[in-house]
Protein chains: 2
Amino acid sequence: MSPMMSTDQHLTEVLDSFSDSANPRLIDVLGSLVKHLHSFVIETGLTREEWMAGIQFLTAVGHMSDDNRQEFILLSDTLGVSMLVEMVNQCASDGATEPTVFGPFYVPGAPSREMGDSVAPEGSKGKKLTMSGVVRSSNGEPLRDAVLEVWQVTPDGLYAVQDPSIDPTSYRGTYRTGDDGTYEIVTTTPVDYQIPTDGPVGKMLQATGRPSWRPAHIHFMVSHPAHKTVITHVFDANSPYLGSDAVFGVRDSLIVDMSSGQASFDFVLDRDS
Amino acid sequence: MSPMMSTDQHLTEVLDSFSDSANPRLIDVLGSLVKHLHSFVIETGLTREEWMAGIQFLTAVGHMSDDNRQEFILLSDTLGVSMLVEMVNQCASDGATEPTVFGPFYVPGAPSREMGDSVAPEGSKGKKLTMSGVVRSSNGEPLRDAVLEVWQVTPDGLYAVQDPSIDPTSYRGTYRTGDDGTYEIVTTTPVDYQIPTDGPVGKMLQATGRPSWRPAHIHFMVSHPAHKTVITHVFDANSPYLGSDAVFGVRDSLIVDMSSGQASFDFVLDRDS
């Protein structure tokens, strides 16, 4: 009788099966995925029942997902994978503005706003916030005509795209810096909000005793020719959830005090390499 | 400005978030999963577009799955994970019968058959096969009244549960060994068959140039009091797909020549530890 196949031999057989792909990148990505999946099963001594629970969880995540709700992105967010993908892809230098998660609520083509215009509609019940600062290159030079795309939640904790009763152009806007690199946006102070908890990801958070809140923040995408675009948030220092962001997007360098209704934040962009 | 958060610090933050779970096993399993997912992203330098392609692939796998079709199990099978879970859970000793995948087509309560009875209905167009042998304990002792549950495809390459036109009790049966530990089953020679290729897993196999065939085999689940149950297949040595099983279930020790219509295979069960 031949000796039992070892788990190493089994892994080699699986990896070899991909070697006929015409796409070398696919071989690399699937190879790394398979190696890590197999190590996970061996390290944990995963039982059949646990494996089946995993199959059922992933199936429920798939069934929860449609054109309006993407539970797999939420799963990636809550396992810190989405944030890690940004870290790996944006790879800013020390001194440049630290990136964070993009999130699912960006809509291209936010309306142009003049410096000092508000993204909030007239009569918004939120507390007015003016945020200003300078956009600089990593060599210190202020950047004129840098583009700042801004989006955030309404005072009710929803993005305009989530609430059909809200003007879809509100709570977002495209600003430009002046000759001296300065910008000034006007909005309402952002509020903390919960990620959706009515699906399998919500059950996972509950089972692990994790909160489902994101600390109050404003999204920024800042770009300028010959520089790397930065996708980030600016967080309010007064949020109680800075230490427990459900999607692990908080960075100390991105926190400012918004309590006075005036806040200041400078952006620093790396040059294109 | 604080230094950028490193990917190691980010991982620690994610792992720490699970530490409030009341379930220590969940902390271990999710911890290992998160570590491996993060390493996968870093090692491959996964791009945003690749990450999104992965999200879309998993969503499609979820949408393909229902009560009758489980595309996540198929994905696990074709990445060698299902086989690995069996290796980790069955962990037979050297000399004992090597386990292989359970598969999705087992139905409990197969009809009892007398030694020498056929699982195939009268008039089956398949080629008759008699398989016999001894069930032994790992100390060599023949095991009387060992139970052999058997299931396999019809000559058309479908399991009875897949084809409503087939008697659901056919092509499966429960046999017992005699006083001397011998068994004898009668069936039709199993045929090669394809796993379902009309879903996202089929696209993955195509993109990687992998065949979608399983080599001809008969499923066995063999049990006896005070012994570990073994779940395995016996493969036909004449299949052209022994070297490219879509689910990586083939083991050299499980291959016998079925071409003469008579085949012999002995099962060896480990004692309960």
From the list A:27, A:42, which one is touching a Phe, Trp or Tyr at 6+ places or on another chain (Cβ under 7 Å) and facing chain B (nearest Cβ under 8 Å)?
-> A:27
Does residue A:14 meet the test of being over 20 Å from the mean Cα position of the chain (by Cα), under 22 Å from residue B:40 (Cα atoms) and buried (at least 17 other Cβ atoms within 10 Å of the Cβ)?
-> yes
The range A:1-21, residues that are under 20 Å from residue B:206 (Cα atoms), facing chain B (nearest Cβ under 7 Å) and either in a loop (DSSP other than H, G, I, E, B) or among the acidic types (Asp, Glu) (or both) = A:13, A:18, A:20, A:21
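Look through the range A:190-209, keep the residues that are closer than 21 Å to residue A:130 by Cβ and surrounded by fewer than 21 Cβ atoms within 10 Å (Cβ to Cβ), and return whichever of them is nearest to the other protein chains (Cβ to nearest Cβ).
Filtering first and then ranking leaves A:192.
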Candidate set from the range B:132-164 (those that are among the charged types (D, E, K, R) and modelled with pLDDT of 95 or more); member that is surrounded by the most Cβ atoms within 10 Å (Cβ to Cβ) = B:136
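Looking at the range B:41-76 only, could you name the residues that are among the aliphatic types (A, V, I, L, M), farther than 30 Å from residue B:159 by Cβ and in a helix (DSSP H, G or I)?
Applying the first criterion (among the aliphatic types (A, V, I, L, M)) to the range B:41-76 yields B:41-42, B:46, B:52-53, B:55, B:58, B:60-61, B:64, B:73-75.
With the extra rule that they be farther than 30 Å from residue B:159 by Cβ, the set shrinks to B:41-42, B:46, B:52-53, B:55.
Those that are among the aliphatic types (A, V, I, L, M), farther than 30 Å from residue B:159 by Cβ and in a helix (DSSP H, G or I): B:41, B:42, B:52, B:53, B:55.
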Checking A:153, A:134 in turn, the sole residue that is in contact with a strand residue (DSSP E or B) (Cβ under 7 Å, 6 or more places away or on another chain), outside any loop (DSSP other than H, G, I, E, B) and among the hydrophobic types (A, V, I, L, M, F, W, C) turns out to be A:134
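Answer yes or no as to whether residue A:216 is buried (at least 20 other Cβ atoms within 10 Å of the Cβ) and of a type in the set (Gly, Ala, Ser).
yes
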If we keep just the residues of the range B:45-69 that are under 26 Å from the mean Cα position of the chain (by Cα) and more than 7 Å from chain A (Cβ to nearest Cβ), which is nearest to residue A:89 (Cα to Cα)?
-> B:54
Test each condition in (1) away from every other protein chain (no Cβ under 14 Å); (2) under 19 Å from residue B:159 (Cα atoms); (3) in contact with a strand residue (DSSP E or B) (Cβ under 9 Å, 6 or more places away or on another chain); (4) surrounded by fewer than 18 Cβ atoms within 10 Å (Cβ to Cβ) for residue B:118 and report the one that comes out false.
-> (4)
Give the range B:80-97 a look and list any residue that's at the interface with another protein chain (Cβ under 7 Å from one of its Cβ atoms) and at pLDDT 95 or above, or say none.
-> B:80, B:81, B:83, B:84, B:85
Answer yes if at least one residue in the range A:103-110 is within 9 Å of another protein chain (Cβ to nearest Cβ) and of a type outside the set (Val, Ile, Thr), and no otherwise.
-> no
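The values are calculated or read from the model by the stated rules, or taken from the named source; none is laboratory data. Remember, it's a predicted structure, so these values are computed and weren't measured experimentally. Every residue, glycine as well, gets a Cβ built from its backbone with ideal geometry; the counts of neighbours run over all protein chains shown.
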